[in-house]
1. Given the conditions (1) in contact with a strand residue (DSSP E or B) (Cβ under 9 Å, 6 or more places away or on another chain); (2) buried (at least 23 other Cβ atoms within 10 Å of the Cβ), report the number of the one that A:ALA55 does not fulfil.
2. Output the qualifying pairs, or none if there are none: Cβ atoms under 6 angstrom, residues six or more apart or on different chains, first residue in region A:35-49 and farther than 17 Å from C:GLY19 by Cβ and touching a residue at least 24 places away in the same chain (Cβ under 8 Å), second residue part of a helix (DSSP H, G or I) and of a type outside the set (D, E, K, R).
3. Report yes if A:TYR62 is modelled with pLDDT of 85 or more and either surrounded by fewer than 17 Cβ atoms within 10 Å (Cβ to Cβ) or in contact with a Lys or Arg (Cβ under 8 Å, 6 or more places away or on another chain) (or both), otherwise no.
4. Residues of region B:13-64 being touching a Leu at 6+ places or on another chain (Cβ under 7 Å) and either modelled with pLDDT of 80 or more or more than 30 Å from C:GLU73 (Cβ to Cβ) (or both), which ones?
5. Out of curiosity, is C:VAL57 more than 13 Å from the chain's Cα centre (by Cα) and of a type outside the set (Gly, Ala, Ser)?
6. Determine, yes or no, whether A:GLY17 is at the interface with another protein chain (Cβ under 7 Å from one of its Cβ atoms) and either at pLDDT below 90 or assigned to a helix (DSSP H, G or I) (or both).
7. For the structure I just gave you, tell me whether B:TRP117 is surrounded by fewer than 17 Cβ atoms within 10 Å (Cβ to Cβ), within 19 Å of the chain's Cα centre (by Cα) and more than 9 Å from chain A (Cβ to nearest Cβ).
8. So if I check each of B:LEU23, B:LEU13, B:LEU28, which one is among the aliphatic types (A, V, I, L, M), surrounded by fewer than 10 Cβ atoms within 10 Å (Cβ to Cβ), free of Cβ contacts under 8 Å to residues at least 60 places away in the same chain and out of contact with any Pro (no Cβ under 6 Å at 6 or more places or on another chain)?
Amino acid sequence: METFDIIFYLFALITVGSACIVVFSKNIVYAAFSLLFTFFGVAGLYVLLQADFLAVTQVLVYVGGILTLLLFGVMLTNKVISVDMKTGTLHAVPAMILAAVVFGSLAGLFYATWSGVTAPASSIISTARPIGEMLMTGYALPFEVASVILLVAMIGAAFMARRPKKL
Amino acid sequence: MLTEFGRVFLFILIGIVFVAIGLVVAWLLRPHRPYPSKRTTYECGETPVGDTRMRFNVRFYVIALIFIVFDVEVVFLFPWALVYLSLGWFAFFEMIAFLTILFAGYAYVWRKGDLEWDRPAPRIPRYERGVGVREARLTEDEIAV
Amino acid sequence: MSVPLPYYLGLSAVLFAIGVIGVLTRRNVIVVFMSIELMLNSVNLTLVAYSSFLGDVSGQALVFFVMAVAAAEAAVGLALVIALFRNKQTVNIDQINILKW
């Protein structure tokens, strides 16, 4: 299965490379658009992991929803007169050290836990139906709570973003 | 041995290659004679005015917000639609409760008038003493957030 | 499925570390948001990788809820950013240092 390896490395490269552009790019619009490629790369990795329905959901929610919202945020918060889309960085060195610590501890944690899982499990055909059964039975309460979260987010965000009435 | 998503991947790959070949061949064949007015942004033949990075009206954000909430709702509807026949009335009422809660939010934004789009009053250009036309322009306050 | 699990886990650890760097170093609030989304994506990737290799779909159900919460978080967070920008005319976090005005 050489082709799967190549596709994995391709998607991994797309994901990590565009994530680096998101973080290190000075131009916020470039950052937003390379976030698109990160999301697509992760969706491709989901497909490789046989989570087909989640891959579609990833594109639908992250690319179609959250990225659009982020771009609206970019467009709503720049100054009309002096176009200042470039932003700087601060505390680079401590952040690198902390990120290295986080990465090390995550890698250590994964190394401690993955040992039991070497052989891939039997392949799951179409994950949408088992997810649906799980949502409707075992995860019924979180499912309803998710709707409450969305309701609260919608009301709160609409309240805050609304243009205040002229005093 | 191609899986379903293998076909999608192949489709994307062929799409990229197709566009790349077209662009590269055009780049090799076309003459390169730029001049300033050729390099301006095409804006329906008009001379472009202002900057690309203009600020949007905040109403667009509220619309996008409602969109994303119902986007997530649709994502939850899909797996439900696959299983609700086998799970019976319980799953049906679960989804009814889910939708009722979300539509309460929709009713809120509707009631508060976030969906209403009050247009700026049209300013008809007036002739003043027959000398010239006063231009109809939005003031800074109308463009701003 | 020929790629072993540690590769996916390492990738998501790298993604998470990149997100941490973004949150700590960038000054623009919206870029900080994007970095948070990166971290959420890396956590989702870990969940999906484990769920796929253990043959248990409940990890993927969890990713569903993470996505719903991420959507809610992005909506509220950006509304906060917009309200902040309206009042302070800036989105740089080093210029926002008071909680009340």
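1. Checking A:ALA55 against (1) in contact with a strand residue (DSSP E or B) (Cβ under 9 Å, 6 or more places away or on another chain); (2) buried (at least 23 other Cβ atoms within 10 Å of the Cβ), the one that fails is (1).
2. From region A:35-49, the pairs are A:GLY44/A:PHE11; A:LEU48/A:PHE8.
3. no
4. First pass over region B:13-64, keeping only residues touching a Leu at 6+ places or on another chain (Cβ under 7 Å): B:55-56, B:58, B:61, B:64.
Residues satisfying the conditions are B:TYR61, B:ALA64.
5. Values: more than 13 Å from the chain's Cα centre (by Cα): yes; of a type outside the set (Gly, Ala, Ser): yes.
Taking the combined requirement at face value, the residue satisfies it.
6. Details: at the interface with another protein chain (Cβ under 7 Å from one of its Cβ atoms): no; either at pLDDT below 90 or assigned to a helix (DSSP H, G or I) (or both): yes.
It is false that A:GLY17 is at the interface with another protein chain (Cβ under 7 Å from one of its Cβ atoms) and either at pLDDT below 90 or assigned to a helix (DSSP H, G or I) (or both).
7. Values: surrounded by fewer than 17 Cβ atoms within 10 Å (Cβ to Cβ): yes; within 19 Å of the chain's Cα centre (by Cα): yes; more than 9 Å from chain A (Cβ to nearest Cβ): yes.
Spelling it out, B:TRP117 is indeed surrounded by fewer than 17 Cβ atoms within 10 Å (Cβ to Cβ), within 19 Å of the chain's Cα centre (by Cα) and more than 9 Å from chain A (Cβ to nearest Cβ).
8. Working: B:LEU23 fails: surrounded by fewer than 10 Cβ atoms within 10 Å (Cβ to Cβ); B:LEU13 fails: surrounded by fewer than 10 Cβ atoms within 10 Å (Cβ to Cβ).
Testing whether each residue is among the aliphatic types (A, V, I, L, M), surrounded by fewer than 10 Cβ atoms within 10 Å (Cβ to Cβ), free of Cβ contacts under 8 Å to residues at least 60 places away in the same chain and out of contact with any Pro (no Cβ under 6 Å at 6 or more places or on another chain) leaves just B:LEU28.
The values are calculated or read from the model by the stated rules, or taken from the named source; none is laboratory data. Note that the structure is a prediction, hence the values are computed from the model and not measured. Neighbour counts are summed over all protein chains in view; Cβ atoms, including those assigned to glycine, are modelled from backbone coordinates with ideal geometry.
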